[in-house]
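Structure, as structure tokens:
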Amino acid sequence: MKLATVEVDTPVGPVERIGAVDESSESDDTPAGEATLVDLTAAYGAALEAEGEPAPADLARAHVPPEMIAFLERGDRAITDAREALEFAAETDAERGPGGAKIRYEPGEYDLLAPLPRPNSLRDCMAIEEHVQNSMDGEIADVWYELPVYYKGNADSVVAPGETIEWPDYSSIMDYELEIAAVIGKRGRDIPAEEAEVHIAGYTVFNDFSARDIQGREMEGRLGPAKGKDFANGLGPYFVPREDIDVLSAPMTARIDGEVWSEGTVDEMYHSFAEIIEHISQSETLHPGDVIGSGTVGEGCGLELGTWLDDGDTVELEVEGIGTLEHTVVR
């Protein structure tokens, strides 16, 4: 199941909804935003209405909230209810749910947003040894092996799939980073690694856009990155529940204007997502909607390859089982 956050027009103006890709409308090469989506709240309400529930719309919003963080706060119950809604939609010819809500949106009837347009928080790790070795141009510090180091990014700078990225004026060196992000779905504090998996709701593709010139200057001061990272964070195109993807073996590819620049998998992680969650949650509470990046795969960015993005380049990051996240960068 692939979940999306979309914006749709209504008589009272545009609203956000959670949709699931109608698998019968999707093939391996269907671009993000061009599949039929099932409105999960509307479909769940239609299922309740068919069973004679007296207040199907209200109950549907409680079971399958139309906003992603509220959805995640319901934990595994929301995923289960979403599967039931998607199954009902596949079996019915009904076009509307309670109150006239559309059950399906065809391409052109919605705008695809990031799965979490505004995450609760955004952290990004550096957990893959080959990337660290290539980036540091020298010996890796002992602390990297001892701790899953990370920085905190700007959760307000998430960009939608397909959005054009205006590169900041203070930078002339444009780079991408090929990553997967885990999305937290269960609140927890001091989480042991062996219990961490149940706190992950699922995964999405993450492009940690990097302004390498200002990033390098910032980190000479032993803090950061900040302005080198915080202007744009790509998430999407879909959010996939953890049970629906073998995230460690999922092939990952970066293409620049159609040319393959990077390939890899996150099974190269020195620190696992479970170990990362154990570390982050020490004396600190994780909440539904927190996003944690894996770090870049080996040779998964221009810094490692010795080449940079050019004005007008289109970056496609694909993770098999999740989809392709595409952005164009302009100066």
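The values are calculated or read from the model by the stated rules, or taken from the named source; none is laboratory data. Computed from a predicted structure; not experimentally measured. When we count neighbours, we look across all protein chains shown, and the Cβ atoms used for this are built from the backbone with ideal geometry, even at glycine. Side chains included, ligands, DNA and RNA excluded: accessible areas come from the protein's heavy atoms. Shrake-Rupley method; radii C 1.70, N 1.55, O 1.52, S 1.80 Å.
Quick notes on this one:
- The residues of the range 142-180 that are open to solvent by less than 20 Å² (accessible area, probe 1.4 Å), more than 14 Å from Phe209 (Cα to Cα) and in contact with a strand residue (DSSP E or B) (Cβ under 8 Å, 6 or more places away or on another chain) amount to a single one, Pro148.
- Residues satisfying the stated conditions in the range 18-28, i.e. open to solvent by 10 Å² or more (accessible area, probe 1.4 Å) and either touching a residue at least 40 places away in the same chain (Cβ under 8 Å) or under 15 Å from Pro107 (Cα atoms) (or both): Asp22, Glu23, Ser24, Ser25, Glu26, Ser27
- Hey, Gly224 over 30 Å from Glu34 (Cα atoms) and out of contact with any Leu (no Cβ under 7 Å at 6 or more places or on another chain) or not: yes
- Pairs, first more than 11 Å from Val330 (Cα to Cα) and part of a strand (DSSP E or B) in the range 164-177, second open to solvent by less than 70 Å² (accessible area, probe 1.4 Å) and charged (D, E, K, R), C-beta under 8 Å, six or more apart: Asp175/Arg212; Glu177/Asp208
- Exactly one residue out of Ala90, Ala82 is in contact with a Leu (Cβ under 6 Å, 6 or more places away or on another chain) and in a helix (DSSP H, G or I), and it is Ala82.
- Residue check for Arg17: of a type in the set (Lys, Arg), within 19 Å of the chain's Cα centre (by Cα) and within 25 Å of Asn120 (Cβ to Cβ): yes
- Of Val240, Val183, Val198, all but one fail to be assigned to a helix (DSSP H, G or I), aliphatic (A, V, I, L, M) and under 21 Å from Met68 (Cα atoms); the exception is Val198.
- Of the residues making up the range 243-267, those that are part of a strand (DSSP E or B) and either out of contact with any strand residue (DSSP E or B) (no Cβ under 7 Å at 6 or more places or on another chain) or aliphatic (A, V, I, L, M) (or both) are Met252, Ala254, Ile256, Glu259, Val260.
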